Structures are given as structure tokens and as C-alpha cells.
Amino acid sequence: MNILITGASSGIGLSTAKLFASQGHTLILLARRLEKLKELSAFLQLEYKNNNIYFQCDVQDYSQVQTVFSKLDDANIGIDILINNAGLSRGLEPIQDGILQNWEEMIDTNVKGLLYVTKEAVPFLKKSTNPTIVNIASIAGRWVYPNGNIYCATKSAVKMLSESMRVDFHQLGFRVVNIDPGLVETEFSEVRFHGDTEKAKTVYQGYEPLTGNDIAECITFAVNAPSNVVIADMMVLPKAQSTATIVHKNL
């Protein structure tokens, strides 16, 4: 299968790329950080003899997204699976103290970017024998938490878009999977706190969070399910977490 992964250079996207590469799939890797993409591509080729291509692409920019898919079309490269993984959180302030740039980046990446990529991918997916879209949302789309406002809203939007896609693409035979991870130790908190690594570390102290590999296993499970099986909605939590705000920590 040909699998396109956004946000492939780190975290869940990176783990998913490695796992699919180990299974022998052809990968199309998208991310903003070119050097990270180059490193990943070389590693996958060396470790798994994986056939992959990569594109530097910020999904917030529709013109960049269009360019990627134009190149895929020119090269006659198909897509069977789309993993909409690119996403981020910026800041942790109440709405009245919100920073507009943070709001715009979250909305542009988590919602508009997902829509841009999906829109451009549909013509490719229509040619597949078992087209599948996997959207990585968050439990933040199910439970709001203090100061999570805009991030929670964008992830709720992703969940609703997954359900909308399942309806809109029904006649096309698409499988649409929504995955809501809980606390996963990736660069997520470091990005949220604008590179403050010490502050980011406190988010994961006192319990065992999920890893990118854990979510990658869930993604591959859904993708590799029989063609007639749709894992429509999956919520995944570490054992220490019950809701967005209830986490048992030993500190």
C-alpha cells in the first residue's frame, strides 16, 4: 500500500512511519522540517530497505499542499491510506488572555490543514481498492479542560470532520477512522510551551504516559483490519488517565 503521513518528522507520525516501513509499505512523508525528513527517509531506507519519498510541506499553506499533490500526480504515484497526523497546540491561557497568533496556528494546522490535505488526496484515494483515511484527533475533543479552549475546539472539529467524511465519502467506499489519544509523551508539550523543555517535562512526571509507538500500533491495527471492517472511533488512554483532567500521579 502507498501511505501518506502528515507530520511525519516526529512523535506519532515518526513512529507510524517506522511501523508501516517495517511492514513493507511505500511511504509518502510530509512535514515542515526538511532535515528531520531527510534523516527519517535515510533511516527507513537503511533499516527496512523502505521505498519512500518525502516533501517539505506546511499543511497550513494550501499552495504548498497543492504543490505536493501535483508532484505526486505528475509522477503517477497513488495513495491508498491517508494519515492526517499533523497537529499542534500553542499556549495554555484562558480565552480572555489568548494570543491570536497561537489561535490562528492551531486552527490553521489542526482544522484547515487537515481539510486541505484531505481535499487534495480524495482524487488519489478514489483510485485505490481500499481507500482509508485516519484522522488523529484527541481526547481534548471530548473533554474540555482549563485553558485548553482553542486546542479543544480544534480537536472537537477533527472528530466531527471524521464523522462528516464517513458520511460524505460513503458512496466512494472510503473507510474513515478517528483516533483520540490521551496523554502521549512526544514533542507536543514542548511545542505547546514554545520550547520550554523543563516545563514540558512536568506534564509527563509521576505516571507512565502513552508513547508514539502505542498510537502507531493503533493506527496500523485500524488500517490492517479486513477491508470490510471500519474501526470508526478509537479512544486510547494510558492506564493512569481516566479523563482529560483525571490522572493518577505518584509525585
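The values are calculated or read from the model by the stated rules, or taken from the named source; none is laboratory data. Note that this is a predicted model, so its numbers are computed, not measured. So basically every Cβ, Gly included, is an ideal-geometry build from the backbone, and we count neighbours across all protein chains shown.
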Practice problem: For the range 143-172, name all the residues that are more than 17 Å from the chain's Cα centre (by Cα) and either of a type in the set (A, V, I, L, M) or closer than 17 Å to residue 188 by Cβ (or both). | Solution: 143, 144, 145, 147, 148, 149, 150, 167, 172
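Within the range 19-38, work out how many residues are out of contact with any Ser or Thr (no Cβ under 8 Å at 6 or more places or on another chain) and surrounded by fewer than 19 Cβ atoms within 10 Å (Cβ to Cβ). Spell out the reasoning first.
Taking the range 19-38 as the starting set, the residues that turn out to be out of contact with any Ser or Thr (no Cβ under 8 Å at 6 or more places or on another chain) are 21-22, 24-28, 34-35, 38.
Right, trim to surrounded by fewer than 19 Cβ atoms within 10 Å (Cβ to Cβ) and you get 22, 24, 26, 34-35, 38.
Matching residues across the range 19-38 total 6.
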Quiz item: Taking the range 43-70 as the search range and keeping residues that are in a loop (DSSP other than H, G, I, E, B) and closer than 23 Å to residue 188 by Cβ, which one is farthest from the chain's Cα centre (by Cα)?
Solution: 61
Exercise. Scan the helices (runs of 4 or more DSSP H) fully inside the range 89-198 and keep the ones with 2 or more residues being at pLDDT 95 or above, buried (at least 21 other Cβ atoms within 10 Å of the Cβ) and among the polar types (S, T, N, Q).
Key: 149-168
Quiz item: Within the range 199-213, can you find the residues that are modelled with pLDDT under 90 and closer than 13 Å to residue 238 by Cβ?
Solution: 203
Quiz item: Quick one: what pairs do we get from the range 167-193, first residue hydroxyl-bearing (Ser, Thr, Tyr), second in a loop (DSSP other than H, G, I, E, B), C-beta under 9 Å, 6+ apart or different chains?
Solution: 186/10; 186/211; 189/89; 189/196; 189/203; 189/204
Quiz item: Taking residue 198, is it of a type in the set (D, E, K, R) and under 20 Å from the mean Cα position of the chain (by Cα)?
Solution: no
Quiz item: In the range 208-251, which residues are touching a strand residue (DSSP E or B) at 6+ places or on another chain (Cβ under 8 Å) and among the acidic types (Asp, Glu)?
Solution: 214, 233
Quiz item: If you take the residues of the range 199-251 that are aliphatic (A, V, I, L, M), touching a residue at least 60 places away in the same chain (Cβ under 8 Å) and outside any loop (DSSP other than H, G, I, E, B), which of them is farthest from residue 15 (Cα to Cα)?
Solution: 247
Quiz item: What is the one condition in (1) in a loop (DSSP other than H, G, I, E, B); (2) more than 23 Å from residue 180 (Cβ to Cβ) that residue 73 does not satisfy?
Solution: (1)
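For residue 133, state whether it is under 17 Å from the mean Cα position of the chain (by Cα) and either farther than 29 Å from residue 71 by Cα or in contact (Cβ under 8 Å) with a residue 24 or more places away in the chain (or both).
Working: under 17 Å from the mean Cα position of the chain (by Cα): yes; either farther than 29 Å from residue 71 by Cα or in contact (Cβ under 8 Å) with a residue 24 or more places away in the chain (or both): yes.
It is true that residue 133 is under 17 Å from the mean Cα position of the chain (by Cα) and either farther than 29 Å from residue 71 by Cα or in contact (Cβ under 8 Å) with a residue 24 or more places away in the chain (or both).
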